[in-house]
Every structure is written in C-alpha cells, then in structure tokens.
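Undergrad: Input: one structure, supplied below.
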Amino acid sequence: MTSTNKYSEFIRNRHSPRAFLPEPMPVEDIKQVLLDAQSAPSNSNTQPWDVHLVGGEKLKELSAALIKEFDTNGLSPDFTTDYGEGIHPKRSQELAAKMYGLLGIEREDKAGRVEFVRENLRFFGAPHAVLLFIPPMGDRIRAAFDQGTYAENFLRMCFAVPAEPYRVNPVLADAMDKILILHADHEQNASTST
C-alpha cells in the first residue's frame, strides 16, 4: 500500500536534528507546544509526565554539570543499553557505525567519540531543553508508554510551529539522511514477511 497523505509524508520525513540555531523559541510558541502535547492519551487520564523546560544560563549550568559528571565518572544512563540478542543490537551497531563514519569519527578515535558524547550533553547547541520525568507510580511501564505519547506529540508540535528557516549543516544533514534511509530500508525489509 502506497500512502500519499500528509501525515504519512510527515512521519516518513521525520529526522533527529543534531544542530540547532542559537535563537530561543518565542515564549508563546513554547506554551502552545506544551499545551498541545498535553492532549496526549494516557492510561485512565493519569498524564504521568513531569515536564521541565530549561534555557538560558540555567541550561548552560546544567550542561556544564553534566559534562563535569561525565568527565569524572563516565556515562551512567538511567536506562539499560542492553539491546538483547539478535537483530536489535545489530541495528544499534549498524546505526552507530554509519553515524560515526559519516561524521568522520573512526571506531578507534576514542577522543572523537567522547567529544560527540559531550556534544549530546551540550544539547547540540539548542537554546532550550525539555526534560521528561516519570513520577513514582506502579510498575512505571504504562507511565513510560504514556510519556512516549506525550513526547511524540511534543516533538510533532515543535516541527509544526512556524519558525525561522532552519540552516542545515550540510555534513550532518547528509549523514542523517543516509542513516535514516538505511534505517527505513532496514525496517521495511525486516518487517516484510515472505
């Protein structure tokens, strides 16, 4: 089935920016995005998401603290990075190899990889960051799913709110295009049954 509707086009053209303009989003636009994201469905309307918006000097302070912690103690994610066995870890490894390769960071280039982690902790230069937390409740599995619907609404609205034209870094855009095409091709091939 070939779909040509706008929603399908939007989903298929989704990307994950790794560079942002330094200009802050207008406060009214941020409020609208947050209000629209709040309409996400949740189990029994519990709305299990705590949203924290950080910008300006506070974001710089947070970034500096995260980088200091990383430089002192390394990564300590709040989630597992164990993707199990079979195709799942392979997909992650293929994505990492393509992304680092397109960015010119060799597998043996530990310093380059560490600097890329630091760039994550600098929020890729974004003027704002949104942090989502799940409040303590039950097994948190439903809350995590519900938070995912909130995050999905939030991200869709960020791309829907009119903004200044985005200046694309051509190297990063080329890298992400290749990664997303590879991922989409892989997903389509992996989900086709014979």
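Undergrad: If you take every residue apart from Asn43 with its C-beta less than 11 Å away from the C-beta of Asn43, what net charge results, scoring Lys and Arg +1 and Asp and Glu -1?
TA: Local net charge: 0.
Undergrad: Which FRET efficiency value, to the nearest 0.05, is calculated for Lys31 and His52 with the Förster distance at 25 angstrom and r the Cβ-Cβ distance? It would help to have the intermediate numbers written out before the result.
TA: Details: r = 15 Å, r/R0 = 0.59.
Using R0 = 25 Å, I get an efficiency of 0.95.
Undergrad: At a 1.4 Å probe radius, carbon and sulfur cover how many percent of the accessible area of the stretch 36-176?
TA: In the stretch 36-176, the share of accessible area belonging to carbon and sulfur is 57 percent.
Undergrad: Still on this structure: Once phi is turned into ³J(HN,Hα) by the Karplus curve 6.51 cos²θ - 1.76 cosθ + 1.60 with θ = phi - 60°, what whole-Hz value does each residue of the stretch 120-134 show in order, with x for glycine and proline?
TA: 4, 6, 8, 6, 6, x, 5, x, 9, 9, 10, 10, 10, 10, 9
Undergrad: Please give the contour-minus-distance gain from Phe116 to Thr149: 0.36 nm per residue of separation, less the Cα-Cα distance, rounded to one decimal in nm.
TA: 9.1 nm
Undergrad: What distance in nm lies between label points placed 7 Å from Cα along the C-beta direction at Glu85 and Ile67?
TA: 4.2
The values are calculated or read from the model by the stated rules, or taken from the named source; none is laboratory data. Please read these numbers as outputs of a predicted model, since none were measured by experiment. Every residue, glycine as well, gets a Cβ built from its backbone with ideal geometry; the counts of neighbours run over all protein chains shown. Heavy atoms of the whole protein, side chains included, go into the accessibility calculation; ligands, DNA and RNA do not. Shrake-Rupley method; radii C 1.70, N 1.55, O 1.52, S 1.80 Å.
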